[in-house]
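Peer 1: Below is a structure I'd like to ask you about.
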Amino acid sequence: MNWAARRGRLVDQLLERESLDSETERAMRAVPRHAFVPESKREAAYEDRPLPIGEGQTISAPHMVAIMTDLLDLSAGDRVLEIGTGCGYHAAVTAEIVGPGKVCSVEYHDSLARDAGDNLRRVGAGDISIRVGDGREGWEAHAPYDRVYLTCAAEEFPRPVRNQVAVDGIVLGPVERSGLSITGNGQVLVRARKQADGSLDPETHGGVRFVPLQ
Ligand code: SAH
């Protein structure tokens, strides 16, 4: 089976389990995940699971990218910051919805940032801006952002990141339960909307497992 057919089948499977927004579905059908995974893992690109991408990191499972994309409630023209570029796949899905020149991403590992840039250029999404550094600082130069999401788990959303979200904007990401004073181990996916007074109004969306922020 060719890549497009495999991808179509995967998205059909996701839709049986999750109700996805039509724009999320369109982006998941459009972005070639196989172009973002290492050659040796390519055969598994359209299985619904994380895969190693080097530096001890992983590309998130497709259902997690779809769920996060849905929760971000993206519209064309939204300015988006991603913390944790990894291989660039999730950023490409986001850019598919918000359009060219709107997505910025920060990656801690130099080698992953370089590979992500190559992957994105190869699929025609070379307009996504990538910075190597600590995502805890966000990316002030392009702030404010309508949407910010983290693909690595934090104790809480870092203050610079919170400051860089526009009022009415959304910040989304995995947060350690301990940081939220929720009992139990592990992480929950938290989505928070920024209020006019600058505070965040958080809601939790179930248990998740992401790599920790470095
Ligand atoms: N969005 C990615 C998922 C990457 S996994 C994808 O589609 O593949 C999480 C990524 O966060 C890893 O690449 C890891 O190196 C990065 N990361 C971890 N800590 C970070 C930090 N402090 N700042 C920026 N990136 C970080």
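The values are calculated or read from the model by the stated rules, or taken from the named source; none is laboratory data. Since the structure is predicted, the reported quantities are computational estimates derived from the model, not experimental observations. All Cβ positions, glycine included, derive from the backbone under ideal geometry; neighbour counts span all protein chains shown. Side chains are part of the model used for accessible areas, which takes the heavy atoms of the whole protein and leaves out ligands, DNA and RNA. Shrake-Rupley method; radii C 1.70, N 1.55, O 1.52, S 1.80 Å.
Peer 1: Only one of S75, S19 is surrounded by fewer than 23 Cβ atoms within 10 Å (Cβ to Cβ), over 11 Å from the mean Cα position of the chain (by Cα), small (G, A, S) and under 17 Å from Y149 (Cβ atoms); which? Spell out the reasoning first.
Peer 2: Numbers: S19 fails: under 17 Å from Y149 (Cβ atoms).
Step by step, each of S75, S19 is checked, and only S75 is surrounded by fewer than 23 Cβ atoms within 10 Å (Cβ to Cβ), over 11 Å from the mean Cα position of the chain (by Cα), small (G, A, S) and under 17 Å from Y149 (Cβ atoms).
Peer 1: Collect the residues in region 46-65 that are within 12 Å of the ligand (Cβ to nearest atom) and either touching a residue at least 40 places away in the same chain (Cβ under 8 Å) or within 21 Å of D127 (Cβ to Cβ) (or both), keeping them in residue-number order.
Peer 2: If we filter region 46-65 for residues that are within 12 Å of the ligand (Cβ to nearest atom), which is where we start, we get 50-62, 64-65.
If the condition is that a residue be within 12 Å of the ligand (Cβ to nearest atom) and either touching a residue at least 40 places away in the same chain (Cβ under 8 Å) or within 21 Å of D127 (Cβ to Cβ) (or both), then I53, G54, E55, G56, Q57, T58, I59, S60, P62, M64, V65 are the ones that fit.
Peer 1: Would you say R193 is within 16 Å of the ligand (Cβ to nearest atom) and basic (K, R)? Let's see the steps before the verdict.
Peer 2: Details: within 16 Å of the ligand (Cβ to nearest atom): no; basic (K, R): yes.
In short, no.
Peer 1: While we're on this one: Name every residue in region 167-191 that is within 15 Å of P144 (Cβ to Cβ) and either in contact with a helix residue (DSSP H, G or I) (Cβ under 9 Å, 6 or more places away or on another chain) or in contact (Cβ under 8 Å) with a residue 40 or more places away in the chain (or both), in order of residue number. Walk me through how you get there before you give the answer.
Peer 2: Looking only at region 167-191, we keep the residues that are within 15 Å of P144 (Cβ to Cβ), and these are 167-171.
Of everything in region 167-191, those that are within 15 Å of P144 (Cβ to Cβ) and either in contact with a helix residue (DSSP H, G or I) (Cβ under 9 Å, 6 or more places away or on another chain) or in contact (Cβ under 8 Å) with a residue 40 or more places away in the chain (or both) turn out to be I170, V171.
Peer 1: Follow-up. I'd like to verify a number: residues in region 141-198 that are part of a helix (DSSP H, G or I) and either open to solvent by 20 Å² or more (accessible area, probe 1.4 Å) or of a type in the set (F, W, Y) (or both), how many? First the steps, then the outcome.
Peer 2: Of region 141-198, the ones part of a helix (DSSP H, G or I) are 141-142, 159-163, 177-180.
Those still in the list that are either open to solvent by 20 Å² or more (accessible area, probe 1.4 Å) or of a type in the set (F, W, Y) (or both) too: 141-142, 159-160, 162-163, 177-180.
Matching residues across region 141-198 total 10.
Peer 1: Tell me, please, whether a residue that is within 27 Å of R9 (Cα to Cα) and of a type in the set (G, A, S) can be found in region 143-150.
Peer 2: No - not one qualifying residue is present in region 143-150.
Peer 1: So how many residues does region 88-139 have that are within 8 Å of the ligand (Cβ to nearest atom), part of a loop (DSSP other than H, G, I, E, B) and open to solvent by 10 Å² or more (accessible area, probe 1.4 Å)?
Peer 2: 4
Peer 1: If you don't mind, another one. Is it the case that some residue within region 71-80 is in contact (Cβ under 8 Å) with a residue 24 or more places away in the chain and assigned to a strand (DSSP E or B)?
Peer 2: Looking through region 71-80, at least one residue is in contact (Cβ under 8 Å) with a residue 24 or more places away in the chain and assigned to a strand (DSSP E or B).
Peer 1: Which one of these does R79 not meet: (1) within 16 Å of the ligand (Cβ to nearest atom); (2) in contact with a Pro (Cβ under 8 Å, 6 or more places away or on another chain)?
Peer 2: Failed condition: (1).
Peer 1: Could I ask something else about it? If you go through region 22-49 one residue at a time, how many are open to solvent by 60 Å² or more (accessible area, probe 1.4 Å), small (G, A, S) and closer than 18 Å to G99 by Cα? Let's see the steps before the verdict.
Peer 2: Quick first cut of region 22-49, residues open to solvent by 60 Å² or more (accessible area, probe 1.4 Å) only: 22-23, 26, 29, 39-41, 43, 47, 49.
Keeping just the survivors that are small (G, A, S) gives 22, 40.
When the remaining residues are screened for being closer than 18 Å to G99 by Cα, the result is 22.
Summing the residues that are open to solvent by 60 Å² or more (accessible area, probe 1.4 Å), small (G, A, S) and closer than 18 Å to G99 by Cα in region 22-49 gives 1.
Peer 1: So M64 clears everything in (1) within 26 Å of I170 (Cα to Cα); (2) in a strand (DSSP E or B) except one condition, right? Which one?
Peer 2: (2)
Peer 1: Working only within region 199-210, note down all residues that are in a loop (DSSP other than H, G, I, E, B) and surrounded by 15 or more Cβ atoms within 10 Å (Cβ to Cβ).
Peer 2: Going residue by residue through region 199-210, those that are in a loop (DSSP other than H, G, I, E, B) are 199, 209-210.
Of everything in region 199-210, just one residue is in a loop (DSSP other than H, G, I, E, B) and surrounded by 15 or more Cβ atoms within 10 Å (Cβ to Cβ), namely F210.
Peer 1: Using beta carbons and a limit of 7 Å, which pairs, at least six apart or on different chains, have the first residue in region 13-24 and in a loop (DSSP other than H, G, I, E, B) and the second one open to solvent by less than 60 Å² (accessible area, probe 1.4 Å)?
Peer 2: Filtered contacts from region 13-24: E18/H63; E18/A66; E18/I67; L20/L14; L20/A66; L20/D70; D21/D70.
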